[in-house]
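I have placed the structure first, in the form of structure tokens, so that the comments after it can refer back to it.
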Amino acid sequence: MVSYTADDQGYAGLEEQVSDLKAKLFTQDVAKEKAAFTPVQHKEGFRSPSEVQYVVQTGNFIDKGYAYTGSLRVLQGILSLDYLWNNIRAKGGAYGCMSGFRRNGDSYVASYRDPNLEKTYKIYEEMPQYLKDFKADTREMTRYIIGAIQDLDTPRTPHGEGSFSLECYLSNVTEADLQKERDEVLSTTESDIIDFAELISSILEQQQRCVIGNENKIEDQKQLFDETLDLIKN
């Protein structure tokens with residue numbers, strides 16, 4: 001596969017060069033093998049000399065019967081910049097926090113340089129209730145939607161445009177898919193955000209946790225994990 005980004009003039013002569021490249025590739029038969037990966041639901045704590053924690057919880061909402069929608073981009077902004085920011089950074093003293101929801105259903109919430117551990121997981125667990133109680137007027141919803149669209153339609157350099165195009169090609173994401181996502185972002189309502197409480201609960205129920213943090217704090221709170229390990233073995 002060759003991915004190339006250029007204007008019409010830049011494309012001139014490309015076909016000939018690609019043909020030359022193809023002629024030089026090896027053509028012997030290769031046995032095709034499929035790697036088999038078996039996902040394991042696990043909760044791990046990695047001990048380190050650090051004084052702070054990196055606290056992550058993940059899950060997949062498609063595995064639980066939910067579908068991807070562009071409104072999840074609005075939810076991501078609300079959780080990352082409001083709920084998690086206020087509780088984990090402003091009140092909890094962490095350096096930062098974030099959340100994300102991908103088209104394949106893979107999702108996460110995370111904090112970094114976080115002085116807390118069990119307290120942060122408690123904040124994650126309370127996200128569904130926050131969403132059930134969520135209220136936003138038209139002006140606030142417009143602000144959230146603008147933030148999501150801004151991330152979606154950020155201007156790209158030619159290199160960035162080419163990389164994005166390749167990513168979409170490899171992921172089978174079409175222009176129609178992207179437009180549908182934009183339309184869903186723009187039409188997101190307060191009710192949509194409230195309805196995501198069940199989706200978030202389905203992610204948290206999977207109890208997929210990973211922490212890198214202070215060895216003493218992880219040992220003191222090891223009931224949170226199936227296993228605790230040294231991050232670096234001497």
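The values are calculated or read from the model by the stated rules, or taken from the named source; none is laboratory data. In this text, all values refer to a predicted model and were calculated from it rather than measured experimentally. Positions of Cβ are generated from backbone atoms using ideal geometry, with glycine treated the same way; all protein chains shown enter the neighbour counts. Areas reflect the complete protein model, heavy atoms only, side chains present, ligands, DNA and RNA absent. Shrake-Rupley method; radii C 1.70, N 1.55, O 1.52, S 1.80 Å.
Residues of the stretch 107-131 that are open to solvent by 40 Å² or more (accessible area, probe 1.4 Å) and either over 19 Å from Asp151 (Cα atoms) or at pLDDT below 95 (or both): Tyr112, Arg113, Pro115, Glu118, Lys119, Lys122, Glu125, Glu126, Gln129, Tyr130.
Inside the stretch 132-145, residues that are closer than 24 Å to Ala67 by Cβ and open to solvent by 80 Å² or more (accessible area, probe 1.4 Å) make up a count of 1. Of the helices (runs of 4 or more DSSP H) entirely within the stretch 164-234, those holding at least 3 residues that are under 23 Å from the mean Cα position of the chain (by Cα) and buried (at least 17 other Cβ atoms within 10 Å of the Cβ) occupy 175-186, 190-204. Quick check: anything in the stretch 108-126 within 14 Å of Ile78 (Cα to Cα) and assigned to a helix (DSSP H, G or I)? Yes: the stretch 108-126 contains one or more residues that are within 14 Å of Ile78 (Cα to Cα) and assigned to a helix (DSSP H, G or I). The residues of the stretch 1-24 that are open to solvent by 100 Å² or more (accessible area, probe 1.4 Å) and aliphatic (A, V, I, L, M) amount to a single one, Met1. Within the stretch 35-72, the only residue that satisfies the criterion of being under 30 Å from Thr142 (Cβ atoms), hydroxyl-bearing (Ser, Thr, Tyr) and out of contact with any helix residue (DSSP H, G or I) (no Cβ under 7 Å at 6 or more places or on another chain) is Tyr68.
Within the stretch 151-159, is even one residue within 16 Å of Gln76 (Cα to Cα), open to solvent by 100 Å² or more (accessible area, probe 1.4 Å), out of contact with any Ser or Thr (no Cβ under 8 Å at 6 or more places or on another chain) and modelled with pLDDT under 95? Yes. For Leu75, the conditions (1) open to solvent by 40 Å² or more (accessible area, probe 1.4 Å); (2) closer than 20 Å to Leu131 by Cβ are fulfilled apart from (1).
How do the strands (runs of 3 or more DSSP E) wholly within the stretch 1-104 filter down when requiring 1 or more residues that are within 20 Å of Ser201 (Cα to Cα) and aliphatic (A, V, I, L, M): which remain?
Working: elements: 43-48, 53-60, 96-101.
Hits in the stretch 1-104: 53-60, 96-101.
Listed here are the residues, each with its yes/no results for (1) farther than 23 Å from Gly105 by Cα; (2) over 20 Å from the mean Cα position of the chain (by Cα).
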residue: Lys32; (1), (2): yes, yes
residue: Gly45; (1), (2): yes, yes
residue: Gln53; (1), (2): yes, no
residue: Val56; (1), (2): no, no
residue: Ile62; (1), (2): no, no
